[in-house]
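To start, the structure under review is shown below, and the notes come after it.
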Amino acid sequence: MAEHRRTKRSRTDDSDAETPVSTRGDPWLDDGNVILQAGSTQFRVHRSVLSASSPIFKDMFVVCDPSDDAAMVDGCPVVHLSDTANELHHVVKAIYDRSYHFSDRDLLPISVIAAFLRLGDKYGIDQLRSEAVSRLTSVFPTTLEESDRNWERRSSIITDIQYTRSLFIAVNLGRECSLPSVLPAAMLICSNVQAKDILRGVLLNDGTRCIMSPADQEACITGRLILLERQGTKTLKWLDPKESYAGCHQPQACDRERQRVFQAIWYPLPKFMPLARWDDKKLSFCKFCSKKSSELHNAGRQGIWDELPSIYGLPEWEELRKQQ
Ligand SMILES: [Zn+2]
């Protein structure tokens, strides 16, 4: 599909040399009047179409004079951009084809969302930026209610969000693109990633390594320890032997059940579940203990959620929402 070609220099170029081989990218529109080049990949597009979507492209094309010494391809000026070819591909496709992101609403991977957010920011393409922000803030929201509501369907909002690489990409996007409200929820899930993966980063399909900043790596690793302590004293407070269950209908049986659950969660290694939802399907408490335990559990996880930003050294939720 891709075609390799050489870029001819204009006649005024003394060197008469040819630039390295470039690749024809998608889209390549035969009646396009400008070539965008990212890395060695070129996209032939229309100045008018890109200008209508982006004030930055509009300004760029005003100063892009076909008669100057710029390299020409098929009579079109070549504009070199510092973006990656993949990101530019996603964004130009989306500008030309609304269905690229609107008809397939439920099928966008994090790589496309990253391209929409980074380049949407950089080139002032508000529609693409909004689409990316909407998806990221749905998966990494600022309220516990929204987090509970969206958890099951998160893969239909960002298709590959369950992978570690997607979490690291989301944290880095939150930092790079002024979207700090996604950080607490994203870093919470990163805290359940093995420390060696946090420290080494993960390989992406293009061979590059995705890694969080050293400060965010540290915050996620130390955050895990803080959250395990909160898990014991807040969410799972109902397992504390000192808790009173004076109205219990079957004290011996309920005590045994609490010991069984305690062992299952904390030994031999603790399960990381500071925000686990209350689920008594597999528990055999009396009605009184079940009700009291669920109340303690729900109050505890809400308390942890409220504290989440400060655990990761971030501003309070209210402040983060303002920056969304
Ligand atoms: Zn009981």
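Some points to look at:
- Count of the stretch 164-216 residues which are at pLDDT 95 or above, in a loop (DSSP other than H, G, I, E, B) and either hydroxyl-bearing (S, T, Y) or under 21 Å from P274 (Cβ atoms) (or both): 6
- Of all residues in the stretch 229-256, those satisfying the criterion of being surrounded by 15 or more Cβ atoms within 10 Å (Cβ to Cβ) and away from the ligand (no atom under 16 Å from the Cβ) are R230, Q231, G232, K234, T235, L236.
- Matching residues, the stretch 203-219, being of a type in the set (A, V, I, L, M) and under 13 Å from S191 (Cα atoms): M212, A219
- Per this entry, I226 is counted among residues that are over 23 Å from T137 (Cα atoms) and surrounded by 12 or more Cβ atoms within 10 Å (Cβ to Cβ).
- Matching residues, the stretch 278-299, being surrounded by 12 or more Cβ atoms within 10 Å (Cβ to Cβ) and more than 10 Å from the ligand (Cβ to nearest atom): W278, D280, L283, S294, E295, L296, H297, N298, A299
- Inter-residue pairs, beta-carbon under 7 Å, first in a helix (DSSP H, G or I) and in the stretch 236-247, second more than 14 Å from the ligand (Cβ to nearest atom), 6+ apart: K237/G300; W238/H297; L239/F262
- Of all residues in the stretch 112-141, those being hydrophobic (A, V, I, L, M, F, W, C) and more than 20 Å from L167 (Cα to Cα) number 2.
- Any hit, the stretch 257-264, residues being loosely packed, with under 14 Cβ neighbours inside 10 Å and either within 15 Å of the ligand (Cβ to nearest atom) or at pLDDT below 95 (or both): yes
- Test result for P274, loosely packed, with under 15 Cβ neighbours inside 10 Å, modelled with pLDDT of 95 or more, more than 16 Å from the ligand (Cβ to nearest atom) and not assigned by TED's automatic domain parsing to the domain that holds P141: no
- Between E307, E319, the distinction of being of a type in the set (D, E, K, R), loosely packed, with under 14 Cβ neighbours inside 10 Å and away from the ligand (no atom under 16 Å from the Cβ) belongs to E319 only.
- Reported count of residues in the stretch 256-299, each being part of a helix (DSSP H, G or I) and under 29 Å from M187 (Cα atoms), is 13.
- Set L119, L107: member being aliphatic (A, V, I, L, M) and in contact (Cβ under 8 Å) with a residue 40 or more places away in the chain: L107
The values are calculated or read from the model by the stated rules, or taken from the named source; none is laboratory data. The structure displayed is predicted, hence computed values, not measured ones. For neighbour counting, all protein chains shown are included, and Cβ atoms are generated from backbone atoms with ideal geometry for every residue, glycine included.
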